[in-house]
Amino acid sequence: MKTSNYLGWLGMSFLAISAVSVQAADIRVGFGLDALTLDPGNHRSRETETIVRNMYDGLLTRDAKMKVVPELVSSWKQIDPTNYEFKLKQGVKFHSGDEMTAEDVKFTFDRIIKKDMIDGKSSPRAGLLGPLKDVTAVDKYTVRFTLASPWAILPSMLPFQELVSKSFVQKVGDKAMATQVNGTGPFKLVDWRRGDSITMERFAGYYGGSAEIPPVGPAKADRVIFKIIPENASRIAALLAGDVDIATELPVHMMKQIESSKNAVVMKVRGTRSFFVSLNNTKPPFNNPLVRQAANHALDKKLLIARIMQNTATPINGVLSPDAFGFDASLKTYDYNPALAKQLLAQAGFPNGIDVTLDVEGSFAETAQAIGSLLTKAGIRTKVVVGEGTVLRTKWLQDKNKTGDMWFTSWGNGSLDPEDIFAPTLKTNDRGNSAGYSSGVVVGMLSAACTETDAA
């Protein structure tokens, strides 16, 4: 019988946008978290990435359909399984007026992949570049990327890396990069008031961005202001009052309030993050495949998505997004069947059910309570325990001896490739393997897939 280590679905990304001020000279964004730094090479924060990506561009980017397209390059090609060559656009200017060249590209990536290159410390983004071993400036506008082993998703990971100026970093120093910006992006930094706002203004010398993403040319807004408003209700109130034009991280329960107003609309798109409940495979009761199957049959995903998430998620039959390369819609799904769940528990030696705990961060407590209620009805009596995110990640991802039963968590897959989510969540002792799953056969298959460059 097939088993599953996860109970999951794919979340949607959505925000609220003012219906009356889209053409304003200023775009004001109500944002939940401040940037950790303005140095694109020295963080692993999605919120920070969202902010700095307005001031820095990458070699490649993605269009609205998530296709990887050129940004700072005019073209690229794979020379052999371990070498890629990129031709840079000529005449691209940093905010300082200096022209971007291959030396800036080499410096940017050396700073990320080589040890102790950022003020004596290594970049936290090195893991996003896999086996990238070296970057060579072939000539002024040509760079070659050399991998230690084949890694087919390199182009898919490059949109997450923004280009810095070699001369600027060497002039101001790594520490100053945390608060100073000299990028090639459409906006340049005006002011950063920590905990309050980040203000940017249009860069008149902008090269125009990707030709694949119209409109091409300088930004259409004079300024962008990220207003840091951590509290959800305050952020939405600011939107409805017209104090901001866009509000991110819209809570599901506030969607109807936005949709019923005449001042704003909700914008939705399927995200790249899979949400799931990790089942601890390393100890009873979930080290028994029958118990894991029972848990899957106990969960009514459609009900949860409709009632709790107001249809802002998509049920998935694993951890892979339907938009990802290699997704197989024909894979067997676990139908909601609490009677079968109880039967499987009895077969596993638990005719009277089991008692377990479900760890969750506070922001997802409501969802976890609903999951716990469904599991309980099927004989998996569940106590929901709310914990702090850092503590839970240490407990489930760093501690070798996992003590919990279940954890409501998620994993992002920005590359939309199996390598970016299967390997970390399923390889033995990998960084995202919270379930403690271990299979030599699966490790071998994932390792072979990682180095396979033939898409078919």
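Overview of results
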item: Peptides 283-291, 262-270, 417-425 ordered by average Cβ neighbours within 10 Å, highest first; result: 417-425, 283-291, 262-270
item: Carbon/sulfur fraction of accessible area - segment 371-430, other protein chains in place, 1.4 Å, %; result: 50
item: Net dipole in debye of segment 394-456 [+1 Lys, Arg Cβ; -1 Asp, Glu Cβ; about Cα centre; nearest 20]; result: 400
item: Principal-axis tilt of helix 338-347 within the chain, Cα atoms, nearest 10 degrees; result: 70
item: Rg/Rh ratio calculated on Cα atoms of segment 299-401 (Kirkwood radius); result: 1.00
item: Positive-end extreme of charge dipole, the chain - chosen from 190, 367, 96 (charges on Cβ); result: 367
item: Set of lysines near residue 140 by C-alpha distance (under 16 Å), chain-local residues within fewer than 8 positions excluded; result: 87, 89, 93, 106, 166
item: Area accessible to solvent at residue 53, 1.4 Å probe radius, in Å²; result: 50
item: Unit charges on C-beta of K, R, D, E only; dipole of segment 302-456, Debye; result: 700
item: Estimated FRET transfer efficiency when R0 is 60 angstrom, pair residue 376-residue 204 (beta carbons, to 0.05); result: 0.50
item: Surface share of carbon and sulfur [accessible, 1.4 angstrom probe, percent] for segment 130-259; result: 50
item: Accessible area per residue, Å², segment 82-143 with all protein chains present, probe 1.4 Å; result: 42
item: Radius of gyration and maximum dimension Dmax of segment 112-171, Cα, Å; result: 12.4, 36
item: Probe 1.4 Å, protein heavy atoms only - accessible area per residue of segment 304-415 in square angstrom; result: 50
item: The chain: angle of helix 365-377 to the longest principal axis, Cα-based, in degrees nearest 10; result: 20
item: Peptide ranges 38-51, 334-347 listed from the most packed, as the mean C-beta count within 10 angstrom indicates; result: 38-51, 334-347
item: Folded to 0 to 90 degrees: helix 289-298 orientation relative to the chain principal axis, Cα; result: 80
item: Estimated [θ] at 222 nm from DSSP helical runs (n ≥ 4, -39500 (n - 2.57)) normalised by residues in the chain, nearest 500; result: -6500 deg cm²/dmol
item: 25 °C / 0.890 mPa s Stokes-Einstein diffusion coefficient of the chain, Kirkwood radius on C-alpha pairs, µm²/s; result: 103
item: Only Lys, Arg (+1) and Asp, Glu (-1) charged, at Cβ; the chain dipole about Cα centre in debye; result: 740
item: Global geometry of segment 402-442, whether rounded, prolate or oblate, following the gyration tensor of its Cα atoms and the 1.5 cut on a/c; result: oblate
item: Cβ-Cβ FRET estimate between residue 454 and residue 267, R0 fixed at 41 Å, reported to 0.05; result: 0.65
item: Sites residue 167 and residue 80 - FRET efficiency at Förster radius 30 Å, r taken between beta-carbons, to 0.05; result: 0.40
item: Protection-proxy order for peptides 88-97, 401-410, each taking the mean of Cβ atoms within 10 Å per residue, highest first; result: 401-410, 88-97
item: Cut-off 15 Å, label 7 Å out along Cα→Cβ of residue 306, residues of segment 330-373 by amide N; result: 336-337
item: Segment 126-237 - convex hull of alpha carbons, volume per residue in Å³; result: 187
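The values are calculated or read from the model by the stated rules, or taken from the named source; none is laboratory data. These figures come from a predicted structure and were not determined experimentally. Please note: Cβ atoms are built from the backbone with ideal geometry, for glycine as well, and neighbour counts cover all protein chains shown. Note: accessible area is taken over every heavy atom of the protein model, side chains too, but ligands, DNA and RNA are not part of it. Shrake-Rupley method; radii C 1.70, N 1.55, O 1.52, S 1.80 Å.
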